[in-house]
Amino acid sequence: MYQIRQVLSAMRRGENIRAEDYMLFDPFVYHGMADMHDRHRDMRLDVDNMSYEELLALGERIGDVSTGLSEDTIFELMKQRKYATATESLRDLEPCCICQEEYADGDNLGALDCGHDFHTNCIKQWLMLKNLCPICKTTALLK
């Protein structure tokens, strides 16, 4: 008990404590039983030591979770317009961040709810995989 008081007062004074002092507060670490109360230990996978084949099999068992939208939903919710050089401001001169191509007069642009624009076909393919803006990572189109 005396040792605990000494360690606590050293901590109050802002002094660094030693590993041995810390072990006074956590007897499970001291006795090598830190993971004894891990109820899910048998369920954990050691993916770092799995073979390529085991990882493929695991991927098949887990499957995919689609967070994308259907094509109909995308075109229903996304605002679209034509690109025109004369009406665009200087800040819009950056290329489409998906295909990295400059916008040309007459290109179809799709605007997300966050205000970012992309080529319509580029962003459609992206949104079919995940409903997030590729720039700011917010929800792209709200249903």
(message) Please arrange His119, His40 by how many other C-beta atoms lie within 10 Å of their C-beta, fewest to most.
(response) His40, His119
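How charged is the neighbourhood of Lys143? Take every other residue with its Cβ under 14 Å from the Cβ of Lys143, and add Lys/Arg as +1 and Asp/Glu as -1.
On the way: positive: none; negative: Asp72, Glu76, Asp113.
Within the 14 Å Cβ shell, the charges total -3.
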(message) Once you compute Rg and the Kirkwood Rh from C-alpha atoms, what is the Rg to Rh ratio for the stretch 71-129?
(response) 0.95
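Given the peptides 125-132, 136-143, arrange them by the average over their residues of other C-beta atoms within 10 Å, most packed first. If you can, show how the numbers build up before the last one.
Details: 125-132: 17.9, 136-143: 14.4.
Listed from highest to lowest mean packing, they are 125-132, 136-143.
Exactly which GluC sites (Glu not before Pro) in the stretch 45-136 are in a DSSP loop and have at most 11 other Cβ atoms within 10 Å?
Working: sites: Glu53, Glu54, Glu60, Glu71, Glu76, Glu88, Glu101, Glu102; in loops: Glu88, Glu101, Glu102.
Taking the stretch 45-136 and a limit of 11 other Cβ atoms within 10 Å, the loop GluC sites (Glu not before Pro) found are Glu101, Glu102.
Readers should treat all values here as calculations from the given coordinates under stated rules, not as data from a laboratory. Being a predicted model, the structure only gives us computed values, none of them experimental. Ideal geometry is used to build each Cβ from the backbone, glycine not excepted, and the neighbour counts take in all protein chains shown.
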